[in-house]
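Down below is the structure, laid out as structure tokens.
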Amino acid sequence: MTDFNRVFFDTAPFIYYLENDGDFYSKVEKLFIEDRKGDYVTSTITVGEYLTGAFKADDEQRASDFKSAIKNYDFEVVSINWDIAEEAARIRARFPGFKMIDSLQLAAARLTGCNAFVTNDMQLKQYSDVKVLVVDEMEK
């Protein structure tokens with residue numbers, strides 16, 4: 001991660017780290033703790049996706065842990081605006097197999113100057129305007 005000065009986190013890395021996912025925890029732990037260099041960014045989409053799972057499970061502690069992680073790791077949380085929505089439409093037009101929500105995340109990353117995007121969605125590696133880092137491919 002030392003090659004990147006602004007890193008955008010999709011929702012999956014938060015799930016793996018905060019919920020101690022056995023398969024991926026050690027990979028993302030490095031991102032949150034050891035390899036921390038530069039700015040960390042996510043979007044209100046990540047907030048909505050993560051908190052939906054916590055609220056569905058009626059798990060206020062999980063919701064609280066997420067909010068604390070955003071604050072403690074000093075994440076910038078980007079709101080989705082017109083420019084991001086328009087860029088997402090351009091991304092979807094280029095990559096029709098991408099879901100709109102993923103296109104919005106990629107657009108948010110690109111338009112906020114991120115040079116890396118952490119996800120576990122292999123399909124998103126087709127996008128090259130931001131370096132897509134897939135958790136499954138990272139070393140422990």
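Quick note: the coordinates plus some simple rules give every number you see, no bench work behind them. Fair warning: this is a prediction, and the values are worked out from it, not measured in the lab. Glycine gets a Cβ as well: all are built from the backbone with ideal geometry, and neighbour counts include every protein chain shown.
Percent of Cα-Cα pairs per 5 Å bin, from 0 to the last occupied bin, for the chain, please list those.
2, 10, 21, 24, 21, 14, 7, 1
Across 5 Å bins from the origin, how do the percents of Cα pairs in the stretch 1-74 run, short distances first?
3, 16, 27, 27, 18, 7, 2, 0
In a Gaussian network model over the chain where Cα atoms closer than 10 Å are linked, find which of PHE95, PHE117, PHE55 has the largest mean-square fluctuation.
Answer for the Gaussian network model of the chain: PHE55.
Please list, in chain and number order, the residues 5+ apart from SER43 or on another chain whose amide H is under 5 Å from its amide H, with Hs placed from the backbone.
VAL78
Mind listing which trypsin sites (Lys or Arg not before Pro) in the stretch 60-99 are in a DSSP loop and have 13 or fewer other Cβ atoms within 10 Å?
Working: sites: ARG62, LYS67, LYS71, ARG90, ARG92, ARG94, LYS99; in loops: LYS99.
Here the trypsin sites (Lys or Arg not before Pro) that fit, given the DSSP loop and packing criteria, are LYS99.
Over the chain, with a Gaussian network built from C-alpha contacts below 10 Å, which listed residue (THR11, THR119, THR52) shows the highest mean-square fluctuation?
Answer for the Gaussian network model of the chain: THR52.
Once you've got the GNM for the chain with C-alpha springs shorter than 10 Å, pick whichever of GLU76, GLU60, GLU87 has the biggest mean-square fluctuation.
GLU60
Rounded to the nearest 500, what is the chain's calculated 222 nm mean residue ellipticity when only DSSP H runs of at least 4 contribute -39500 (n - 2.57) each, over all residues? Don't jump to the answer; show the numbers that get you there.
On the way: 6 runs with 64 residues, N = 140.
Result for the chain, helices only: -13500 deg cm²/dmol.
Quick check for me: using +1 on Lys/Arg Cβ and -1 on Asp/Glu Cβ, what's the dipole size of the chain about its Cα centre, in debye to the nearest 20? Walk me through the intermediate numbers first.
Numbers: 17 positive and 25 negative charges, 80 e Å.
Roughly 380 debye for the chain.
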